[in-house]
Amino acid sequence: MSSERLLKIGDVATLLGVTTQTLRNCTNSGYMEAIIGKGGHRRFRSSDIERLMELKAQESDIKKCL
């Protein structure tokens, strides 16, 4: 069984162009899912982040058409 790659909050923030605080707010509000380790550090599944990046690109494409 292969485990999915987990990304650190700083790496995800860079990929999505948001702050780490924005990601914390999103996870605290339930808009995003994060795996929280023993030390309280958030990790994000790479597949979840890839999907968000796809949605963000689609949104950008839609705005260009309007």
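The values are calculated or read from the model by the stated rules, or taken from the named source; none is laboratory data. What you see is a predicted model, and the numbers here were worked out from it, not measured in a lab. Note that we place each Cβ from the backbone using ideal geometry, even for glycine, and neighbour counts take in every protein chain shown.
Of the numbered criteria (1) without any contact (Cβ under 8 Å) to a residue 24 or more places away in the chain; (2) under 10 Å from the mean Cα position of the chain (by Cα), the one Leu52 fails is (1). In the stretch 9-18 there is at least one residue matching the filter, namely being in a loop (DSSP other than H, G, I, E, B) and of a type in the set (Val, Ile, Thr). Within the stretch 29-49, being surrounded by 11 or more Cβ atoms within 10 Å (Cβ to Cβ) and part of a helix (DSSP H, G or I) holds for Ser46, Asp48, Ile49.
Answer with yes or no whether Asp11 is acidic (Asp, Glu) and within 10 Å of the chain's Cα centre (by Cα).
Values: acidic (Asp, Glu): yes; within 10 Å of the chain's Cα centre (by Cα): yes.
Yes: the conditions hold for Asp11.
Of everything in the stretch 50-66 that's modelled with pLDDT under 90 and among the basic types (Lys, Arg), which residue is surrounded by the most Cβ atoms within 10 Å (Cβ to Cβ)? Within the stretch 50-66, the match that is surrounded by the most Cβ atoms within 10 Å (Cβ to Cβ) is Lys56.
Close contacts from the stretch 30-46, counting a first residue that is closer than 9 Å to Leu6 by Cβ and a second that is of a type outside the set (Asp, Glu) and part of a loop (DSSP other than H, G, I, E, B), with Cβ to Cβ under 9 Å and a gap of 6+ residues or different chains, come to Arg43/Ala34; Arg43/Gly37; Phe44/Met32; Phe44/Ala34; Arg45/Arg5; Arg45/Ala34; Ser46/Arg5.
Select from the stretch 3-17 the residues that are modelled with pLDDT under 95 and loosely packed, with under 15 Cβ neighbours inside 10 Å and write down the one among them that is farthest from Ala57 (Cα to Cα). By that ranking, first place goes to Ser3.
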